[in-house]
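Read-outs: derived from the displayed coordinates by stated rules, not from any lab. These figures come from a predicted structure and were not determined experimentally. Neighbour counts are summed over all protein chains in view; Cβ atoms, including those assigned to glycine, are modelled from backbone coordinates with ideal geometry.
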Amino acid sequence: MEGLELPSKIKRNRRGISPVISSIILAATVITIGGTVWSFTQSATTVIAEDYVDGVMSLMNEGTERFVIEHVSYYTPNNTLQVWIYNYGDNDITVDVYVNVIGGFFESKMENNVSSKAIIKVPISITIASGSEVAIKAASRRGNNAYYTYLKT
Amino acid sequence: MRTTRISRLRNRRGISTILGVIIFVGLLFSTVVPMYLVMNQADTIYDQKMFEMKRLEDERSRESLVVDVSAMSQYSNILNINVSNECVLVVKIVRIWINDTYSTASAVLQSMSVLSMNLTVVPSLNCSYSIMVATERGNVFVADSLFYGEDGWVKEPPPEVQESGVFKLDWFYFKYTSYQKQSRTDANIIPKSSTYVAVYFKITNNWIYPMTIKAETFVTWVVPYVEVTMSIVDHVTYPAKTITAYTNEKVVQPGQDAEIVFAATTRKGTSWVWGSSIPSNLITQNPGSTAYVQLTLFYILLGKTYCQTMTAQGTYFSS
C-alpha cells in the first residue's frame, strides 16, 4: 500500500472531494430509499386504515340498524297482503320482504327502501285462505331480519 | 492516516444512521401512528355507538304503555283513547292504528302520566275495531278490541275457552233419528242390523273469529257404550263401508254452522274398514233411549289451539 501511493496533490484532491460526494451520494440514497419506503408505507397504512374504518363503519351500520314489521293486513278483494315496516333506527335501509303461507304459497317483494324514522307499506299479491297462518320475514341488505306471524281470519 | 480514515468512516456512519433514524421516526409518526389513531378512533366510535344502541334497546324493552279505548257513547262516532305511560321513560307516540289504517301522531308522554285523545271513526255494523299505539322506539301497544253491533259499542272479550255456551252442540243423526236429513244417503241406507255407526254433529261457532277444527277432535260415549271412542272423520261412504280420514281441517266462520262426522276408531291400522272391530254390537236398541257423549273439541282460534269438552245428549231410535 505504501508503494502505490499517488502524488500528494492528487491524493489531497481526492481526499477533499470523495467525502463530500460520498456523503451526498449516501445521503441521497438514504433519502431516496427512505422516501420511497415512507411513501409506500404511508399509502399502505392509509389504505389499511381506510379499509379498517370502512369495515368498522359497515359493522356499525349493521349493528345500529333497527326496523320492525309494525302491522300486517290482508285486503281480500285484490288478494293483497300489506306489510308495514317501520325503520326506527338512524340509518336508511333496504329490505326484502318474504311471505310464506304455511302449507301454501310463497311470495316476495325485493328492494324496499325505508328512510330513517319512516314507515312504508309493502303490498304483496298473494292468495291466502281463511284460517291460514302466514310467516313474514323482512331481511335488510345489511343482514338484519324482522319476523311477523299473521293469521288470516 | 489511519486515524483520519477511521474518523471519516465514523462520520459517514453517523450521517446514515441519523438519516435512517429520522426517516424511521418520521415514518413511524407520519404513517403508523396516524393509522393506529384512526383505527383506535374508529373502534372508539363503534364501541360508543354499540353502547348507545344497547341503551336504546334496553329502553325499548322497558317501554310500557297501557291503552284503553272506549266510545264516547253507545252509538258514538268518537272513540276516546287513554294512554298511560307506566314506565320511567318519556315515550313519544308516533302513530295510532285503527284496524289497518293509521294516523300520524306526535305526542310526548311523560313518565307515569296519562294522555287522552279522541278519534273519529265511522263504525260499520258487526265490525271489530282494534286500536294500537306505535311508539318512536318501535313498540306497538294494543288495546282491547271494540265491537260495534246492533247494541252499539261493546268491549270484545279476549279469546279464551269458556266453560259453556261457546258452541251450540246438536245431534244430527244417530242411526235412524228424527233429525235425519233427507238429503243425506249414507245414514239412510245403513241397515238396522249394522254393527257400525257414524254420528253427525252440528256445531256453531259463536266466536267472532273463524275457528279451525283440528283432527284431534273425538267423541267418547258415556251412555250406553262406556269408553267407546270415535274419531272425527271427513266422511263415510256406504256400501263401500269406508271412512275417509279427517285431513282437510274445517274452518267455521263466525256465526256459521259446521257438520262434523265421527266414526269408530279401528284396530286395523289405516285401513279404515269398520264393522268387525270395535265398536261391535253397539246398540241394544231401545226406542227412545237417551244417549250421552262427551265431545272433546280441539280448535284453533287466532293462532292458538284450544281444547274444550262438552257433554251432549241425544235420542236414538231402533224403529
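Along the axis of the charge dipole computed for chain A (Cβ charges of +1 for Lys and Arg, -1 for Asp and Glu, origin at the Cα centre), the listed residues A:V68, A:I102, A:I31 are led at the positive end by A:I31. Compute the helix-to-body angle for A:8-64: its Cα long axis versus the longest principal axis of chain A, expressed 0 to 90° and rounded to tens. Helix A:8-64 sits roughly 10 degrees off the main axis of chain A.
In debye, nearest 20: dipole of the stretch A:19-127 around its Cα centre with unit charges on the Cβ of K, R (+) and D, E (-)?
Computed about the Cα centre, the dipole is about 100 debye.
Sequence-distant or interchain residues sharing an amide H contact under 5 Å with B:Y246, placed H: which? Excluding prolines and chain starts, which carry no amide H, the hits are B:D234.
Near A:K121: Cβ cut-off under 14 Å, other residues only, Lys/Arg at +1 and Asp/Glu at -1. The net charge is 0. The Stokes-Einstein estimate for the stretch A:65-151, based on a Kirkwood radius over Cα pairs and taken at 25 °C with 0.890 mPa s viscosity, is a diffusion coefficient of 191 µm²/s. Summarising the amide proton neighbourhood of A:N91: residues at separation of 5 or more, or on other chains, whose placed amide H is nearer than 5 Å comprise A:R66. Convex hull volume per residue, computed on the Cα atoms of chain A, equals 174 Å³.
Cβ crowding within 10 Å ranks B:V69, B:V21 as B:V21, B:V69, fewest other Cβ atoms first.
The mean number of Cβ atoms from other chains found within 10 Å of a Cβ in peptide B:14-23 is 3, as a whole number. A simple spin-label model places pseudo-atoms 7 Å from Cα toward Cβ; at A:M57 and A:A27 they are separated by 4.3 nm. The modelled label-to-label distance between B:V114 and A:Q42, using points 7 Å beyond Cα along the C-beta direction, is 7.0 nm. Note: the stretch B:65-155, Cα convex hull, 78 Å³ per residue.
Distance from the Cα centre of the stretch A:28-76 to that of the stretch A:79-121, in angstrom? So the separation of the two Cα centres works out to 28 Å.
Report the calculated FRET efficiency for B:D47 and A:A135 (r = Cβ-Cβ distance, R0 = 60 Å), to the nearest 0.05. That gives a FRET efficiency of 0.95. Counting Cβ atoms of other protein chains within 10 Å of each Cβ in B:56-62 and taking the mean gives 1.
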